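Presented below is the structure to which this report refers.
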Amino acid sequence: MKKIALVLAAVVLSLNVIQAQQPAVMTSTKPGWHKIGETTASMKSEKDEIMVIGADKFKSIKLKVTDASVHIASLVVYYDGGDAENINIASDLKAGQESRVIDLKGGTREIKRVGFVYKSVPNSNNEKAHIELYGMK
């Protein structure tokens with residue numbers, strides 16, 4: 001009886017772990033800005049990547065920064081099909097600010113991931129910038 005209870009508990013625990021590892025994909029066909037990814041800037045690393053989950057197509061992107069300031073040097077947008085677009089940003093973004101709107105080459109495209117080079121701006125509270133990626137449908 002104890003073995004059956006242990007096996008049952010292991011199965012339930014395994015199912016919970018499997019469900020927790022599956023990201024929820026939110027899709028919308030409505031035009032407008034949609035948050036498509038986010039990350040928190042590291043004080044040690046100067047590169048990061050945001051994976052875009054789902055088969056959505058966007059014509060423009062922008063970044064929004066919260067919690068602390070960050071200097072965004074450049075972005076690389078990786079498209080479905082393997083090609084990439086390098087975009088120079090060279091902009092200091094304070095908490096609460098957004099980057100300029102960046103129109104994607106070739107019109108509306110499916111984005112696989114966006115890599116960026118940044119530099120964290122030291123602050124008195126040692127806070128890290130939270131960076132959100134938005135796409136325009």
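Odds and ends about this structure:
- Tensor-based shape of the range 27-136 (alpha-carbon gyration tensor, a/c under 1.5 rounded, otherwise prolate or oblate): prolate
- With each label modelled as a point 7 angstrom along the Cα→C-beta vector, the Arg113-Lys44 pair spans 2.0 nm.
Read-outs throughout are calculated quantities, based only on the coordinates presented, and are distinct from any laboratory measurement. On a predicted model such as this, the values are computed, not experimentally measured, just so you know. Because the Cβ atoms are built from the backbone with ideal geometry, glycine has one as well, and the counts that use them run over all protein chains shown.
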